[in-house]
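Beneath this line is the structure, given in structure tokens, with notes to follow.
Readers should treat all values here as calculations from the given coordinates under stated rules, not as data from a laboratory. Predicted model only: the values in this text are computed from it and were never measured. Because the Cβ atoms are built from the backbone with ideal geometry, glycine has one as well, and the counts that use them run over all protein chains shown.
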Amino acid sequence: MKAIIGTLTLFILLAFFACKKTQNAPYDVYVAGYESNGTKNVAKVWKNGIVMSPALSNGKQNSYAGSVYIYGSDVYVAGNEYNGNFYEAKVWKNGVVMAPALSNGQQNANANSVYVSGSDVYVAGNESNGTKNVAKVWKNGITLSPALSNGQQDAIGYSVYVSGSDVYVAGFESNGIINVAQVWKNGIVMAPGLSNGQESNVATSVCVSGNDVFVSGYESNGTNYVAKAWKNGILMSPVLSDGQQNATATSVFVSGNDVYVTGYENNKNNMAVAKVWKNGIVMAPALSNCQHDATGNSVYVSGNDVYVAGFESNGSKYVAKVWKNGIEMAPGLSNGQLSANASSVFVVKK
């Protein structure tokens with residue numbers, strides 16, 4: 001792959017989720033991401049292809065929106081914004097930064113994923129302690145305990161999911177040599193582990209259905225990254241990619257008995273091809289034409305429709321896109337004149 005997503009601090013994450021006549025569509029499609037203004041990347045949230053106001057950022061500093069969640073009539077977005085020295089983790093509600101602040105702006109911090117349950121707003125991400133990234137989950141702006149990591153090694157939380165009174169976070173923690181995929185439940189690493197500690201791997205997204213915990217991610221086979229999905233810590237079959245080329249799984253969504261995963265897999269020409277898998281099988285039609293790099297960052301299923309947010313290169317710039325059942329939705333999120341990326345999708349019935 002030539003170049004793939006910037007912030008897994010990437011703004012994997014974790015994470016979450018064309019009408020011919022969008023104005024008559026029975027669903028509203030929200031997408032979080034960013035678009036360059038020519039000098040800075042600007043955090044944005046689109047509703048049915050139109051940028052929402054008020055703007056998340058004034059465009060004077062780099063900012064990124066990595067996750068969107070809709071609760072009632074409120075739109076929550078997690079991301080970060082540069083303050084001139086460091087990136088500050090932020091969560092916006094209806095375009096306004098929520099208080100208390102997630103980070104104090106004295107060290108780099110990222111808010112990678114947001115989930116709302118009742119009156120509580122949960123955010124997963126990371127904050128530097130000066131030397132290492134510390135994986136964190138915040139509830140209403142306050143860091144939850146026990147801490148996800150102790151700050152001795154790098155760790156990041158990419159995705160948060162709340163089920164009842166339980167808070168699940170997917171991410172990784174380094175063991176000093178390699179990254180080890182982790183899923184924390186209420187701050188405690190779940191067993192069985194996703195990794196044997198022999199090869200580097202990362203958990204990018206978590207979704208809970210009933211008593212089952214589903215996780216997407218990727219793991220090195222010593223040569224390439226292999227896209228994978230786990231159910232209750234056990235690798236699901238069929239495996240998403242064969243390991244002959246680099247591939248990653250960035251987002252997982254469960255609908256009924258079906259498990260949907262999006263990400264990318266390189267082709268033989270080392271071009272990243274955006275894909276969505278249903279129960280381990282690549283869905284058709286293909287999201288991208290294999291002419292330029294593309295990836296799916298987030299998948300969301302509503303009824304019989306599968307929505308994927310991501311990007312596709314036009315040869316010189318990244319173009320933010322959202323696909324419905326494999327077809328790019330209109331209006332487009334960006335026009336390809338400046339780089340843009342769609343990080344997260346969330347769909348609600350009107």
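Things worth noting here:
- Residues in the stretch 164-173 carry Karplus couplings, in order, of x, 9, 9, 10, 10, 9, 10, x, 8, 9 Hz; the curve used is 6.51 cos²θ - 1.76 cosθ + 1.60 with θ = phi - 60°, and Gly or Pro positions show x.
- Within a straight-line Cα-Cα reach of under 14 Å, residue 139 can be paired with the following aspartates and glutamates, leaving aside sequence neighbours fewer than 8 residues apart in one chain: 120, 166.
- Across the stretch 73-83, computed HN-Hα scalar couplings (Karplus, 6.51 cos²θ - 1.76 cosθ + 1.60, θ = phi - 60°) run 9, 9, 10, 10, 9, 10, x, 8, 8, 6, 9 Hz from first to last residue, x flagging Gly and Pro.
- Trypsin sites (Lys or Arg not before Pro) within the stretch 244-283, DSSP loop, no more than 15 other Cβ atoms inside 10 Å: 268
- With neighbour counts taken as other beta-carbon atoms within 10 Å, the residues 283, 271 rank, fewest first, as 283, 271.
- Each residue of the stretch 280-287 was assigned a 3J(HN,Hα) from its phi angle through the Karplus expression (A = 6.51, B = -1.76, C = 1.60, θ = phi - 60°), giving x, 10, 4, 7, 10, x, 5, 6 Hz with x at Gly and Pro.
- Remark: the stretch 7-349 carries a charge dipole of roughly 580 debye about the Cα centre, counting +1 on each Lys and Arg Cβ and -1 on each Asp and Glu Cβ.
- Note on the stretch 216-350: semi-axes of the ellipsoid equivalent to its C-alpha gyration tensor, largest first and rounded to whole Å, are 23, 20, 11.
- In the chain, helical runs assigned H by DSSP with n ≥ 4 each contribute -39500 (n - 2.57); averaged across all residues and rounded to the nearest 500, the mean residue ellipticity at 222 nm is 0 deg cm²/dmol.
- Alpha-carbon centroid distance for the pair the stretch 201-270 / the stretch 76-128, whole angstrom: 26 Å
- Expressed per residue, the C-alpha convex hull volume of the stretch 75-234 stands at 120 Å³.
- Unsatisfied cross-links (Cα-Cα over 25 Å) in the set 90/132; 93/321; 44/324; 40/349; 317/350: 40/349; 317/350
- Likely footprinting exposure, 220, 73, 113, fewest C-beta neighbours within 10 Å first: 73, 220, 113
- Electrostatic bookkeeping for residue 233 treats Lys and Arg as +1 and Asp and Glu as -1; over the other residues with beta carbon under 14 Å from its beta carbon, the sum is +1.
- Positive-end residue of 301, 237, 280, charge dipole of the stretch 216-350 with Cβ unit charges: 301
- Rounded Å value of the spacing that divides the Cα centres of the stretch 39-58 and the stretch 289-317: 19 Å
- Debye-sum result for the stretch 7-349 in log10 I(q)/I(0), which assumes one identical scatterer on each alpha carbon, at q = 0.09, 0.12, 0.15 Å⁻¹: -0.41, -0.76, -1.25
- Of the residues 50, 178, the one with the fewest other Cβ atoms within 10 Å heads the list, and the complete ranking is 50, 178.
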